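Remarks on the structure that follows.
The values are calculated or read from the model by the stated rules, or taken from the named source; none is laboratory data. No experiment lies behind these values; they were computed from the predicted model shown. Positions of Cβ are backbone-derived with ideal geometry, glycine not excepted, and every protein chain shown enters the neighbour counts.
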Amino acid sequence: MKTLSEKLLATVHQTGNIVLATHINPDGDALGSLLGLADILSRMGKKVFRYLEEPVSHLYQFLPDSHLIRTDLEELASFVREAGEDVLCIALDCGDRKRLGKNADVLLRIRPFLVIDHHRGNDGFGDLAWIDFTRSSTGEMVFDLAAALGQSVSVTAAEALYAAIVTDTGSFRYEATSAHTFDVARQLVSAGVKPDLVSRNLYDNFSVARLRLLQMVLATLEVHCEGRVALITVTREILDRTGCAMEDTENFINLPRSVTSVDVAVFLKEVGDDRVSVSMRAKDACDVAEVAAAFGGGGHRNAAGFKAAATTLDEVRGRLLQELRHRLGC
Ligand SMILES: [Mn+2]
């Protein structure tokens, strides 16, 4: 499954109607991979349905063709109906079927169901999969898929895939950033990507309200384990007071992670009255995918998370710190 199979390539070549899907709360890699592949397939003459459960966050509306994304299940159903037998679905950057969201069953009924992903722990759901967890990003894999399909990438696809790679490598800083990643990035820049523009769109996108949100979230900083664990929190109250949405907290976790002594950065998010979502970022001392799995979540060794229901911020904080102290031996 680590290599792209001839069968997967032949299946894509032979099929005229393709539904593309990704994980819920999609990040730059999820959306960039989806929009990039959509452009590549469209230029091959295929009809493409770009499906998301929720509309695209304003943070990613700069991505080319983001306005072509559809959230309507009726529209999806009629696309599939009109396609008859000539249809397939590809899930991108999605580590397991649950991450497809509340309409996972609807998507999984589209056969064959293909999976292209780089999440460790992906058990290879679907009919045909290409899963390579040594890859920096799904965007990098989509570029190689295009080449294997004999397609060059347009500037539209290149911009989307470049944004995908920049997002998941933390601007070419994280572990899975390889010589091949840079080679793909080089080819995307040759295809017309302006790296400064993508970076500005991805990172220099704050409103004043969002900066105040960051200020209030950073004020919640707690440090544990002699500086090895840093934890920040966002409450519903903070969101209400700043007029921001949860999506505006994207990337905030990188600030506690940037502290020299920190091995694990934790971001606790109060998503509802009794629901807490947790993001973790780690350096090499701790595998946070394992920590997340202990709480029913998942992810990568250095970036993972989980959701907890019928609980409180304090309870989740207590249980998680206990687990981290145990694993870090502090
Ligand atoms: Mn990814």
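Results, tabulated for the structure shown:
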read-out	value
Boolean, Leu107 is modelled with pLDDT of 95 or more, in a strand (DSSP E or B) and either surrounded by 16 or more Cβ atoms within 10 Å (Cβ to Cβ) or not aliphatic (A, V, I, L, M) (or both)	no
Residue check, Gly121 away from the ligand (no atom under 14 Å from the Cβ) and part of a loop (DSSP other than H, G, I, E, B)	no
Qualifying residue in segment 77-94 (condition: touching a helix residue (DSSP H, G or I) at 6+ places or on another chain (Cβ under 6 Å) and at positive phi)	yes
Contacts under 8 angstrom Cβ, first residue in segment 64-84 being touching a residue at least 60 places away in the same chain (Cβ under 8 Å) and of a type in the set (D, E, K, R), partner surrounded by 18 or more Cβ atoms within 10 Å (Cβ to Cβ) and assigned to a helix (DSSP H, G or I), 6 or more apart	Asp65/Leu35; Asp65/Ala38; Asp65/Asp39; Asp65/Thr156; Asp65/Ala160
Cβ-Cβ under 9 Å pairs, at least 6 apart or on other chains, segment 175-195 side outside the structural domain of Ala164 (by TED's automatic domain parsing) and buried (at least 18 other Cβ atoms within 10 Å of the Cβ), far side modelled with pLDDT of 95 or more and not hydroxyl-bearing (Ser, Thr, Tyr)	none
Among (1) farther than 23 Å from His300 by Cβ; (2) charged (D, E, K, R); (3) surrounded by fewer than 20 Cβ atoms within 10 Å (Cβ to Cβ) - the single one Glu270 does not satisfy	(3)
Number of positions in segment 288-330 that are in contact with a His (Cβ under 9 Å, 6 or more places away or on another chain), surrounded by fewer than 22 Cβ atoms within 10 Å (Cβ to Cβ), more than 15 Å from Ile232 (Cα to Cα) and at pLDDT 95 or above	1
Meets criteria (aliphatic (A, V, I, L, M) and more than 16 Å from the ligand (Cβ to nearest atom)) for Leu73	yes
Yes/no for Leu41 being under 14 Å from the mean Cα position of the chain (by Cα) and touching a residue at least 12 places away in the same chain (Cβ under 8 Å)	no
Complete set of residues in segment 155-183 that are within 15 Å of the ligand (Cβ to nearest atom) and not in a loop (DSSP other than H, G, I, E, B)	Ala160, Leu161, Tyr162, Ala163, Ala164, Ile165, Val166, Thr167, Asp168, Thr181
Output for segment 22-58, where each listed residue is assigned to a helix (DSSP H, G or I) and away from the ligand (no atom under 16 Å from the Cβ)	Ala38, Asp39, Ile40, Leu41, Ser42, Arg43, His58
Set Leu114, Leu149, Leu92: member being touching a residue at least 24 places away in the same chain (Cβ under 8 Å), crowded, with 18+ Cβ neighbours inside 10 Å, more than 15 Å from the ligand (Cβ to nearest atom) and not charged (D, E, K, R)	Leu114
Considering residues of segment 126-146 that are among the charged types (D, E, K, R) and more than 14 Å from the ligand (Cβ to nearest atom) only, the residue nearest to Pro64 (Cα to Cα)	Asp144
Helices (runs of 4 or more DSSP H) (entirely within segment 199-308) containing at least 1 residues that are touching a residue at least 60 places away in the same chain (Cβ under 8 Å) and either under 18 Å from the mean Cα position of the chain (by Cα) or more than 22 Å from Ser137 (Cβ to Cβ) (or both)	254-257, 288-294
